[in-house]
Amino acid sequence: MYTIFEIYNNIPYNYEIKTDFGYSCFVKEPGILFDTGAKGDILLCNLERLGISADQVKHLVLSHDHWDHNGGIKAVLDENPNIICYCPRGTSVETISALEMGSGCVVTESWHELSPGILLTGPIESVFSGTSIFEQSLVLDSGKGLFLITGCSHPHISCILDCVRERGPVTGVIGGFHDVDKADIRSLEGLDYISPSHCTTAIEAIAGEFGDRFIRSGAGFIHRI
């Protein structure tokens with residue numbers, strides 16, 4: 001079982017946890033911090049309120065190089081410089097330099113195994129506001145299938161799911177789904193656990209489509225998969 005804490009989110013859930021535009025979650029068992037939100041002070045505050053020490057973070061995964069996902073890098077690495085960091089190809093020199101303040105920065109070019117059963121998709125390219133975005137997602141083998149954690153899904157959640165399904169059946173997904181179209185909603189069919197947040201459009205449409213398979217989450221929510 002994996003325990004996933006939503007550390008940073010602009011959608012509220014636990015009102016003891018600060019909300020702010022951005023995204024970060026923490027996978028407890030392997031010690032993976034996925035994204036860092038927009039502001040380091042809020043990230044550290046929310047970690048503390050959820051009972052998580054920076055020393056518990058072993059790996060920092062950056063999904064993509066946007067301000068609302070990379071803003072807390074320095075804060076967490078100042079607290080724990082022994083973290084191994086991962087970012088996708090296309091990440092800026094400035095952000096890579098910040099990640100290198102940890103114990104190393106791996107720039108992914110394709111699928112990358114963090115440890116048995118824990119994978120990064122590597123960069124999937126999309127175009128956002130006329131600029132190429134390289135975004136990677138985190139994939140956990142839950143023992144019942146693959147579980148996907150996304151940052152913003154700029155390439156579209158349907159595209160990311162297609163990529164991950166080449167590795168095996170996907171049972172669930174959480175994170176930002178960004179702009180959701182009909183193809184994206186169709187791609188969610190067959191999943192048992194669907195929890196969009198952060199930048200997702202059409203959250204209520206997804207909730208209406210998938211009933212009890214839709215999990216309403218936000219800052220402070222804890223997923224157990």
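A few notes on this one:
- Qualifying trypsin sites (Lys or Arg not before Pro) in region 115-192, where qualification requires a DSSP coil assignment and no more than 12 other C-beta atoms within 10 Å, comprise Lys144.
- Whole-number percent relative contact order across the chain, with pairs defined as alpha carbons under 8 Å at least 6 apart: 20
- Computed from the alpha carbon positions, the gyration tensor of region 1-141 leads to an equivalent ellipsoid with semi-axes of 21, 17, 15 Å, biggest first.
- Beta bridges from DSSP with both residues in the chain: antiparallel share about 55 percent, rounded to the nearest 5.
- Coil-residue chymotrypsin sites (Phe, Trp or Tyr not before Pro) of region 174-217, DSSP, other Cβ within 10 Å capped at 14: none
- For region 1-85, with all protein chains in place and a probe radius of 1.4 Å, 49% of the accessible heavy-atom surface sits on carbon or sulfur.
- Over the chain: helical MRE at 222 nm, DSSP H runs n ≥ 4 each giving -39500 (n - 2.57), nearest 500: -6000 deg cm²/dmol
- Between Ser103, Ser153, Ser137, the Gaussian network model of the chain with springs among Cα atoms under 10 angstrom shows the greatest mean-square fluctuation at Ser103.
- Applying D = kT/(6 pi eta Rh) to region 84-142, where Rh is the Kirkwood radius over alpha-carbon pairs, T corresponds to 4 °C and eta to 1.567 mPa s, the Stokes-Einstein value obtained is 106 µm²/s.
- Phi angles of region 100-116 translate, via the Karplus equation with coefficients 6.51, -1.76, 1.60 and θ = phi - 60°, into HN-Hα couplings of 6, 6, x, 8, x, 10, 9, 9, 7, 10, 7, 3, 9, 8, 6, 6, x Hz per residue; Gly and Pro are given as x.
- Here region 127-223 is treated as an ellipsoid with the same Cα gyration tensor; its semi-axes, largest first and in whole Å, are 19, 16, 13.
- Excluding exposed DSSP-loop GluC sites (Glu not before Pro) (at most 15 other C-beta within 10 Å), longest clean stretch of the chain: 17-99
- Residue-wise HN-Hα coupling along region 218-225, computed from phi with Karplus coefficients 6.51, -1.76, 1.60 (Hz; x: Gly, Pro): x, 4, x, 5, 10, 8, 10, 10
- Sequence-distant residues sharing a close amide H with Gly122 (under 5 Å, placed H): His112, Ser137
- Listed residues Met1, Met101 arranged by accessible area, highest first, probe 1.4 Å: Met1, Met101
- The DSSP beta bridges internal to region 39-142 are antiparallel in roughly 60% of cases.
- Among Leu77, Leu146, Leu114, residue whose mean-square fluctuation peaks in a GNM of the chain (springs only between Cα atoms under 10 Å): Leu114
- Per residue, the chain exposes 42 Å² of accessible surface when a 1.4 Å probe is rolled over the protein heavy atoms with every protein chain present.
- Charge tally in the Cβ shell below 12 Å around Leu138, where Lys, Arg are +1 and Asp, Glu are -1, Leu138 excluded: -4
- Selected from Leu191, Leu62, Leu44 as most flexible by GNM, with the chain as the system and alpha-carbon contacts under 10 Å: Leu191
- Region 15-63 pair-distance distribution - Cα-Cα, 5 Å bins, rounded %: 5, 21, 35, 27, 11, 2
- Think of the chain as a dipole: +1 on every Lys or Arg Cβ, -1 on every Asp or Glu Cβ, centred on the Cα centre; then among His112, Cys152, Gly51, Gly51 lies furthest on the positive end.
The values are calculated or read from the model by the stated rules, or taken from the named source; none is laboratory data. Owing to the predicted nature of the structure, the values given are computational and were not obtained by experimental measurement. Quick reminder, even Gly has a Cβ in these numbers, built from the backbone with ideal geometry, and neighbours come from all protein chains shown. To get the accessible areas, we keep the full protein, side chains included, count just its heavy atoms, and leave off ligands, DNA and RNA. Shrake-Rupley method; radii C 1.70, N 1.55, O 1.52, S 1.80 Å.
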